[in-house]
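Data first, discussion second: the structure below is written as structure tokens.
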Amino acid sequence: MGAIWYSIQVWSGKEKEVSERVKDLFRERGWEGKLERLFVPPPKEIEVFFSPEKHYTQRFYSGYFLILAELDEEMREAIKGIDGVLDIVGGDKIYYFRAEEVEKLISQLTVEEIKPKPRYQFLQGDRVRITEGPFANFIGVVDEVKPDKGKVRVLVSIFGRETPVEIEFTHLQKI
């Protein structure tokens, strides 16, 4: 038959723990030769929604991991019996994973870094208060917005002189 890619759907946040249980199950039952590869997507945070009151991070690629294995019905039922496993997808004509697609996905997930992208609300000329860092509680005016770096150059008055300071979006509050 040959090994086929399957997606094991699990409780979100329990991917690593459940994948270890699956490895243990294969070891205990002597099925090591049937499991060729197991891949748990690394947790990535892809977006930060920011407002002065709260920060929110959203996880990407949670709730599943991939295995390359030769599964029969007994193995599928044993995996489904593991606490935290919701379902097994793949291996039939309806839900079929092509090896090339899975390999491409794995290479993207292990190589590509998905950086947090703050949503900002600052424009040049806005008055802002710095909330964290060495300039906390200083009030200044936005001079330049750098969305690619997630920072803003703010002009603050230090000893009566306008001084440019580079501050992260998340350390500013519009006033």
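The values are calculated or read from the model by the stated rules, or taken from the named source; none is laboratory data. Predicted model, so just to flag it, every value in this text is computed and none were measured. Neighbour counts run over all protein chains shown; Cβ positions are idealised from the backbone, glycine included.
For (1) modelled with pLDDT under 95; (2) within 20 Å of the chain's Cα centre (by Cα); (3) assigned to a loop (DSSP other than H, G, I, E, B); (4) not assigned by TED's automatic domain parsing to the domain that holds G90, each residue gets a yes or a no:
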site	(1), (2), (3), (4)
S12	yes, yes, yes, no
K16	yes, yes, no, no
G30	yes, no, yes, no
L38	yes, yes, no, no
P41	yes, yes, yes, no
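For the range 146-155, give me the residue count where each residue is within 14 Å of H171 (Cβ to Cβ) and either part of a strand (DSSP E or B) or of a type in the set (K, R) (or both). Walk me through it before giving the result.
Keep residues of the range 146-155 that are within 14 Å of H171 (Cβ to Cβ), which gives 146, 149-154.
After this cut, where a residue has to be either part of a strand (DSSP E or B) or of a type in the set (K, R) (or both) as well, the list is 146, 149, 151-154.
Number satisfying all stated conditions: 6.
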Scan of the range 136-170 for residues that are within 10 Å of F122 (Cβ to Cβ) and touching a residue at least 60 places away in the same chain (Cβ under 8 Å), ordered by number: F169
From the options I139, I130, I106, residue that is more than 28 Å from R161 (Cβ to Cβ) and modelled with pLDDT of 80 or more: I106
Close pairs from the range 15-43: first surrounded by fewer than 12 Cβ atoms within 10 Å (Cβ to Cβ), partner of a type outside the set (A, V, I, L, M) and outside any strand (DSSP E or B), Cβ under 6 Å, at least 6 apart: E32/F26
